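First the structure, in the form of structure tokens, and then the observations on it.
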Amino acid sequence: MASIFRTIADLWSLVVGLGITGREFCKPGVTVHYPRAEVTPEAAASFRGPIELIGLDREPSKPKCIACMLCVSACPSNCISVTRAPTPKPTPEELKAMAEAEARGEKPKKPAPPKAPGTWIYDFSLCSLCGSCVEACPVDSIGFSHDIYMVGTKREDFVFDQLARLARKAAARKPEPKPAAKAAPEAATAPAAPVAAPSEPGTATPASEA
């Protein structure tokens, strides 16, 4: 008896699966037959292409990256190479302050290295698009691009300097139109002064009306 119920349950699950397959089969296709059909921007927005750096809101040519190296550690394909920006040389004023601090027996305060990358190289030919670097980035400085027309004739064509690429992308971005200035409120129209009637010949005009 139990085997009969099990057989009925198995048949029912088969019917349910065939019903789902039939409904999806009758829906219009979503595959774009490229190059016979053009890929719309809406379709390209869901494409996860090679990763790219994301710029600062106030300065799009500079990345949000703080050179923490978490993306390098998380990448299983070793396709990311990042170096930190060098420490800036102290100015003459800073050198003087450091010398004075040493003369007083204090520890001089040296310039701190900037929290920014010096180089950011990405080899797309090794990338598996797993997204581990995107998830590991603590400042959301890495994202997937939507470039669906990337081609090359040799492997070196897919090795990208992401800092230079971000700068080019920011330079190519059209500046947003500035909002039009609000028109000044119209001044209240003053009532027109009454025009005196022309005096007749030989009639004197009062001084107050001259």
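Summary of computed values
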| item | result |
| --- | --- |
| Kirkwood hydrodynamic radius over Cα pairs of the range 101-162, then Stokes diffusion coefficient at 10 °C and 1.306 mPa s, in µm²/s | 102 |
| Loop-located trypsin sites (Lys or Arg not before Pro) in the range 33-139, at most 10 other Cβ atoms within 10 Å (DSSP) | R36, R58, R104 |
| Positive minus negative residues near S81 (Lys, Arg vs Asp, Glu; Cβ under 11 Å) | -2 |
| Fewest-first sequence of F25, F124 by Cβ atoms within 10 Å of each Cβ | F25, F124 |
| Listed residue pairs exceeding 30 Å between alpha carbons, taken from K96/K169; K62/K96; K110/K169; K64/K89; K62/K109 | K96/K169; K62/K96; K110/K169 |
| GluC sites (Glu not before Pro) restricted to DSSP loop in the range 1-57 with at most 11 other C-beta within 10 Å | E38 |
| Dimensions in Å of the range 1-151 - Rg and Dmax from alpha carbons | 27.9, 97 |
| Cleavage-rule hits, GluC sites (Glu not before Pro), the range 63-109, DSSP coil, Cβ neighbours within 10 Å at most 15 | E106 |
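Each reported figure results from applying straightforward, stated rules to the coordinates on display, with no laboratory input. These numbers come from a predicted model, not from an experiment. No Cβ is skipped: glycine too gets one built from the backbone with ideal geometry, and neighbour counts run over all protein chains shown.
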